[in-house]
1. Report, ordered by chain and residue number, the aspartates and glutamates lying within cross-link reach of residue 72, taken as a straight Cα distance under 13 Å and ignoring same-chain residues fewer than 8 apart.
2. Where the only charges are on Cβ atoms (+1 Lys, Arg; -1 Asp, Glu), what is the dipole of segment 602-740 about its Cα centre, to the nearest 20 debye?
3. Using 21 Å as the Cα-Cα cut-off, could you pick out the over-long pairs in 111/177; 181/465; 548/735; 430/499; 364/548; 428/465?
4. Got a sec? Charge dipole of segment 429-507, +1 on Cβ for Lys and Arg, -1 for Asp and Glu; which of 447, 506, 496 is way out at the positive end?
5. Charges on Cβ only, +1 for Lys and Arg, -1 for Asp and Glu, centred on the Cα centroid of segment 636-740; of 651, 678, 711, which one is farthest towards the dipole's positive end?
6. Would you mind getting me the FRET efficiency between residue 162 and residue 88? Use the beta-carbon distance for r and R0 = 25 Å, nearest 0.05.
7. How far is the Cα center of segment 8-87 from the Cα center of segment 458-520, in Å?
8. Provide, for q = 0.21 Å⁻¹, the log10 of I(q)/I(0) from a solvent-free Debye sum over equal Cα point scatterers in segment 130-184.
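Taken together, the values in this text are just the output of simple stated rules run on the coordinates, not laboratory data. Since the model is a prediction, treat every value here as computed from it, not as a measurement. Cβ coordinates were reconstructed from backbone atoms using ideal geometry, including for glycine residues, and neighbour counts include every protein chain displayed.
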Amino acid sequence: MTKITEKLLLEKGSPKTSRLEDIHSLNLSKLSLSCEDLPVSLMSRLASLERLDLSGNRLKEFPRAVSLPALKHLDLSDNQMEDVTSVERLSGVEELCMEDNLYVTVSDNYKMMVLLPLLRMHNGKDVTATANHLRYVYTDNLRSRIISLWERSFRPTQPLSKDKMAALEKDFVNTAKQQVKFGPSSVSDFTKWRVGIIATEFFKLQTQPKDQKKKSSEDPQNATPQNATPQKRKRAASPADTKQTPVKRALIPASPARQSPRKTGLKLTPQKNLQTSTPQKNLQTSTPQKTLQTSTPQKNLQTSTPQKTLQTSTPQKSLQTSKPSRDPSVRTVRQSKPEPVSLKPSKSPAKVLPTAAKMVFNQKPVCLKTHHVLQCHSKQDSPADLSTQLWACAFQPQSNDGSSRLVATCGGGSLCLIDCEVGVVMKKYKVPGEEFFALAWTSVLMCCGKATPAQPCSVLAAGGKRGVVKLIHPRNNIAYGEFRASRKALSVLRFNPNKGNFLYTGSYDNKIVLWDIGGLDNQYNYKVVQLMSLESSSTLLHLCVPPKAPLSHLLAGCDDGLHCFSNPVPATPTTRWRQTEVTFPAYEEEDAEHDYHTVDGLAFLSDDIVASKNHLLGRIYLWSWSQTLSKKSGSVRAVVLAELPWADTQVPYLALSTCPGRSYVVCGDDKGRVWTYHIRDLKDRSHTPKILEWPAPLRNGAAALDGPSINAVSTDPELRYLVALTDKNLVLVWKREEAS
């Protein structure tokens, strides 16, 4: 046995340094070490340690008190490990080797996949799919069975004393371990262990005082467990935080991209329970209520130098096309008389400031009628699922004649491709353990052979809580690859319109990364290169590429405001990006209860006009991009051209959209309505919206559904179709009614 001293650690570590805090890699293999031989005080000083080799020792467990926040690779092979739960504090480990440990079972391996939320390589094998299944699908199944047991046999009917409560908890947890069965018997030990943890957490949640429940749900540090799905509908309520202008920091190198897995885990399933509606001409409104949850954004701004790392992929398996099907179990009903819509005159008058642009829009207004209502993202294709929230939709790039009727939608663990004309889901992609938040279309070049010139093909990118971007070629039914864009969930994806292979990703770690996804060959080989990385001061909600400056500017709508990143000309990924905050007149109206900094809607209406909104403001700003950014200071006031009246709501993240070809701005609200604005002339002070009321669809044997929140809206380039996504697992399609 070798005594571990500071001198020994410095000798065994690399790079060679005089400080333990600077060691990145440490080899302590074959020293006959036991757990007691690893001094906690010295090991905990290895704050930068990324790789640790403890193979060939006599460890029965890893020292529980040791914290190594930067550790990514851990080798514990050829030891005597018995208690694998001792690695729980090493939450950043991505690669783990546990071979040649006689007492480590399959159940132990499963425990480690749950305890280490970032683990992707285990004993040299990619376990991402298995680990995510255990963390989400398996866990959700166990939780539902535990809740059923509680409701059936253990929920107390009256307050209990402290002693009786402790006895009830012990009885409930033990009973759950014995009665809750799931999975093969070979992992029964893992199931009992996981059931014990979930049951204990559930019991404490159900029996704590109501005021503590409310406090814990509002506390952002306690609201979400480590492996939980990011909550999209949260909002910071501290004006003191959001009014600060983000401060730049020094350049920090971005993390290199990882090798793309050869299998994407993405599969296509036929549709059996799709539910569509027959077209109706009359609509009905309703008034649901929503509560608002809060969170506190953090403020730091960093930019990073580019890291060029290639990722390649071999051809992926083909996906079968689902058979078009209909099930008219969801239909629209006739409306007796629409409810009048009241606008707030004090906050929502249509305004035109003296700096209004001279642009005039001559397109004629369109008439939209309800065409289809679909329920296509249900968990396990259950028609009873009205809880899956849908988050993003986008139309496929238009064909040569300018038409586009295929729209992609995402929510839960699935993506759907819908033909808006016939109201049929043409393809559905499912990814177990994923929850999709964002998607985007693009067109890249595909080489079909030596003698054939490269042809453009439409590619769909999608991402969500796993931080992985899926790349799909829908026409050939192939999910040809994926790459990890972030360790946190992805909140937004955006392709550069002038450079179709440039993809911007925004994630919940407040980072914006630019990727080059390249083109394809006829074997679907591809490479992904990270070009640059920026850091925002809060959660990213929207990314927009200015049409006039597609390679040198980027607009980011965030929880704490609107920020513009600019790259000096000539623009290259290696140059430092400058950050500017865009402020609005409404900031002067803020008080303790109203924070107007959040930009939860952002889109370009033309080359120069931008539409943006804040959910508490009750109006949508139209402002000039060129006039606003003509100033060079660190914070600039938006040159507002007009203010459009919008809904009175406190529900955040109801995204707006624009149709530049028809001069339209569209935005949903929290009552199932879609507000449409035809911008004919910026000098016109009216800008009265035309509101598409909630169609109140009926389900077989059930009452009409109240109006939900419209999380996202999108139109095709010619506004032939308008698609809206709700937080109740419903997709609505409106179709333009041609003039007779």
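1. Answer for residue 72, where 13 Å is the Cα cut-off: 50, 53, 94, 95, listed by chain and number.
2. 260
3. Details: 111/177 16 Å; 181/465 28 Å; 548/735 31 Å; 430/499 29 Å; 364/548 26 Å; 428/465 19 Å.
Over 21 Å Cα-Cα: 181/465; 548/735; 430/499; 364/548.
4. Value: 506.
5. Towards the positive end, the residue furthest out is 678.
6. Values: r = 29 Å, r/R0 = 1.15.
That gives a FRET efficiency of 0.30.
7. One Cα centre to the other: 36 Å.
8. For the requested q values the scattering log ratios are -0.82.
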